[in-house]
Amino acid sequence: MRNGFDNEKYLRVQSEHIKERIAKFGDKLYLEFGGKLFDDYHAARVLPGFAPDSKLQLLMQLSDVAEIVIVISAVDIEKNKVRGDLDITYDKEVLRLRDEFQSRGLMVGSVVITHYNGQEAAKLFRSKLKKLKINSYYHYTIEGYPKNVKLIDSDEGFGKNDYIETTKPLVVITAPGPGSGKMATCLSQLYHDNKRGIKAGYAKFETFPIWNLPLKHPVNLAYEAATVDLNDVNMIDPWHLEAYGVTTVNYNRDIEIFPVLDSIFKGIYGENPYKSPTDMGVNMVGNCIIDDEACCEASKQEIIRRYYTCLNQYVQGDASEDEVANIELLMQQAKITTDYRAVTQAAKARAEKAKVPTAAIELADGTIITSETTPLLGTSAALLLNATKHLAGIDHKVKLIPKEMIEPIQQMKVNLLSGNNPRLHTDEVLVALAMLSKDDENCKKALEQLANLKGCQVHTSVMLSEVDRKIFKKLGVDLTCEPVYKKQKPLIS
């Protein structure tokens, strides 16, 4: 768990680099912000030391000249796409982002609904935006995008899109997730600005893949694993290699769309200021890695976590067999298996012996604590008690929550609430622990250790309930689960 990334250096050099890019253009610069402006937990996991709100801090330094445009795809609205790390739909995330930005003194100019084809869900969302007095625009699906350059760069292509009214020289284009249409929104604005005689430029701020790391570096492989549902593939940038003779890494969508950008820039300036997709970027993350081994280790762990997430989604019908196979291929390239994750081995070993659901947690010092389902507690609840007792120096034999307190809760769950699982979940155990902590010194000590679970690794031999998953997330624990449904029968009546 040692740091591999210098966040202070990153804030300094990245801010300087963005300011240099702004200075290269005239009236306006559209800066596409890839990934998340804050809450960038993927970057924080694969680059230990990276602060989840680093990009937001950068933007706040430019708040006097910047405004934000939030982009959301009508397709994502229609299918209620969920931001996995926060468990909220993209449309709700747009409103959350707006509130968060404005609370920090940043201007949010408007919301753009892309890939619009008359979807009813998109219409309803725009009506909601109107009621909230939020400016909104439609950008339409263009047939043959991104290869049909002639149509795209015409009044029947970008020309059909609504023109986004902006007031600041720096326009930051962001979105609740990947594939929302941020780049197309920027290019559409360049087209319209050119028609209006406004000299505008474009740049891209995308954290991953990291252009100056090797193609198969674990950090870049972890990015592919994180975007497996988008079919993103890291590639050597052929345009950059041809122009400069230097090998850099980009991803397929940027490489595919470069001819479009090339055409649009030539229409505006008579020439393209960029010779490659890599030239478009302003990302300095790769220059701020201070311990490559630590970042490699963190990224390998992330690939395995993404694999388990994909497996769980697959058995639930939310991911394809191809997605699972693609991450398995990434694991082969990283030369790892699920056994590389220590808690995975520990949980599976105990499950094989106990023949009941089990769990394991790896603490900050590398200590691994395990648990199993009991008549009173679910395995996740038992794990929290075992881990906090260990951290607080409490003898494992000590029962923090007496049986006499648990049994009435079980009776209520089964007999009054018609539940199928009488065992206490993590939230119920924590409430009980908090109640007892007033008079019980051991419970108080155990409760105080919860903060020390942040960043720890957990694996369970079965898929957990939504309640347990959310508790682990709130504790900052990185969780993986075997793709096995838990089968339980009431133990009391």
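Look through the range 188-208, keep the residues that are assigned to a helix (DSSP H, G or I) and touching a residue at least 40 places away in the same chain (Cβ under 8 Å), and return whichever of them is farthest from the chain's Cα centre (by Cα).
ASN194
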Original post:
Can we say ARG126 is open to solvent by less than 70 Å² (accessible area, probe 1.4 Å), in a helix (DSSP H, G or I) and closer than 30 Å to LYS19 by Cβ?
Top reply: no
Original post:
For the range 318-335, what are the residues that are at negative phi and open to solvent by 90 Å² or more (accessible area, probe 1.4 Å)?
Top reply: ASP318, GLU321, ASP322, GLN332
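In the range 451-473, which residue that is under 20 Å from LYS389 (Cβ atoms) and surrounded by fewer than 19 Cβ atoms within 10 Å (Cβ to Cβ) is nearest to the chain's Cα centre (by Cα)?
Of the residues in the range 451-473, the ones under 20 Å from LYS389 (Cβ atoms) are 451-460, 468, 471-472.
Narrowing further to those that are surrounded by fewer than 19 Cβ atoms within 10 Å (Cβ to Cβ): 451-452, 454-455.
On the way: ALA451: 22, ASN452: 23, LYS454: 17, GLY455: 16 Å.
Ranking the candidates gives GLY455 first.
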Original post:
So, in the range 234-275, of the ones that are among the hydroxyl-bearing types (Ser, Thr, Tyr) and open to solvent by 50 Å² or more (accessible area, probe 1.4 Å), which residue ends up modelled with the lowest pLDDT?
Top reply: TYR269
Original post:
Quick one: in the range 1-39, which of the residues that are open to solvent by less than 50 Å² (accessible area, probe 1.4 Å), in a helix (DSSP H, G or I) and touching a helix residue (DSSP H, G or I) at 6+ places or on another chain (Cβ under 9 Å) is modelled with the lowest pLDDT?
Top reply: ILE18
**OP:** Scan (1) touching a residue at least 60 places away in the same chain (Cβ under 8 Å); (2) more than 30 Å from THR338 (Cβ to Cβ); (3) not acidic (Asp, Glu) for the single condition LYS445 breaks and write down its number.
**Re:** (1)
Original post:
Is there any pair linking a residue in the range 81-106 that is within 22 Å of HIS42 (Cβ to Cβ) to one that is among the aromatic types (Phe, Trp, Tyr) and open to solvent by 30 Å² or more (accessible area, probe 1.4 Å), with Cβ under 8 Å and at least six apart or on different chains, and which?
Top reply: ASP85/TYR41
Original post:
In the range 100-123, which residues are more than 14 Å from ASP39 (Cα to Cα) and in a helix (DSSP H, G or I)?
Top reply: GLN102, SER103, GLU120, ALA121, ALA122, LYS123
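With the requirement that a residue be basic (Lys, Arg) and either outside any helix (DSSP H, G or I) or in contact with a Cys (Cβ under 6 Å, 6 or more places away or on another chain) (or both), what does the range 316-365 give you?
Once the filter is applied, which keeps residues that are basic (Lys, Arg) and either outside any helix (DSSP H, G or I) or in contact with a Cys (Cβ under 6 Å, 6 or more places away or on another chain) (or both), the range 316-365 yields LYS335, ARG341, LYS355.
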**OP:** Please tell me if ASN415 is of a type in the set (S, T, N, Q), modelled with pLDDT under 95, farther than 20 Å from LEU363 by Cα and not in a helix (DSSP H, G or I).
**Re:** no
Original post:
Hey, does the range 51-58 have a residue that's touching a Ser or Thr at 6+ places or on another chain (Cβ under 6 Å) and either open to solvent by 10 Å² or more (accessible area, probe 1.4 Å) or assigned to a helix (DSSP H, G or I) (or both)?
Top reply: yes
**OP:** Sort through ASN231, ASN194 and tell me the only one that's open to solvent by 20 Å² or more (accessible area, probe 1.4 Å), more than 25 Å from ALA334 (Cβ to Cβ) and at pLDDT below 95.
**Re:** ASN194
Subject >> Whichever residue in the range 357-397 is open to solvent by 50 Å² or more (accessible area, probe 1.4 Å) and of a type in the set (A, V, I, L, M, F, W, C) and, among such residues, is farthest from LYS445 (Cα to Cα) >> reply: ILE368
Original post:
Do we have SER299 as in contact (Cβ under 8 Å) with a residue 60 or more places away in the chain, in contact with a Ser or Thr (Cβ under 6 Å, 6 or more places away or on another chain) and surrounded by 23 or more Cβ atoms within 10 Å (Cβ to Cβ) here?
Top reply: no
**OP:** Select from the range 133-163 the residues that are open to solvent by 30 Å² or more (accessible area, probe 1.4 Å), in a loop (DSSP other than H, G, I, E, B) and either β-branched (Val, Ile, Thr) or at positive phi (or both) and list them in ascending order.
**Re:** LYS133, THR141, GLY144
Original post:
If we scan the range 248-264, do we find a residue that is touching a strand residue (DSSP E or B) at 6+ places or on another chain (Cβ under 7 Å) and of a type in the set (D, E, K, R)?
Top reply: no
Original post:
Would the range 166-178 turn up any residue that is among the charged types (D, E, K, R) and farther than 30 Å from ASP27 by Cβ?
Top reply: no
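Here is a check on your reading of the model: is LYS199 in contact with a Gly (Cβ under 6 Å, 6 or more places away or on another chain) and modelled with pLDDT under 90?
yes
Using the structure shown, decide if ILE304 is in contact (Cβ under 8 Å) with a residue 12 or more places away in the chain, of a type outside the set (Gly, Ala, Ser), closer than 27 Å to ASN80 by Cα and open to solvent by less than 20 Å² (accessible area, probe 1.4 Å).
Considered against the rule, which asks whether it is in contact (Cβ under 8 Å) with a residue 12 or more places away in the chain, of a type outside the set (Gly, Ala, Ser), closer than 27 Å to ASN80 by Cα and open to solvent by less than 20 Å² (accessible area, probe 1.4 Å), ILE304 comes out as yes.
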Original post:
Is the range 398-409 home to any residue that is touching a Gly at 6+ places or on another chain (Cβ under 6 Å) and among the basic types (Lys, Arg)?
Top reply: no
Subject >> Evaluation of THR185 against (1) of a type in the set (S, T, N, Q); (2) touching a residue at least 24 places away in the same chain (Cβ under 8 Å); (3) open to solvent by 40 Å² or more (accessible area, probe 1.4 Å) (one fails), failing number >> reply: (3)
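The values are calculated or read from the model by the stated rules, or taken from the named source; none is laboratory data. No experiment lies behind these values; they were computed from the predicted model shown. Note that we place each Cβ from the backbone using ideal geometry, even for glycine, and neighbour counts take in every protein chain shown. Heads up: the accessible areas ignore ligands, DNA and RNA and are worked out on the full protein's heavy atoms, side chains in. Shrake-Rupley method; radii C 1.70, N 1.55, O 1.52, S 1.80 Å.
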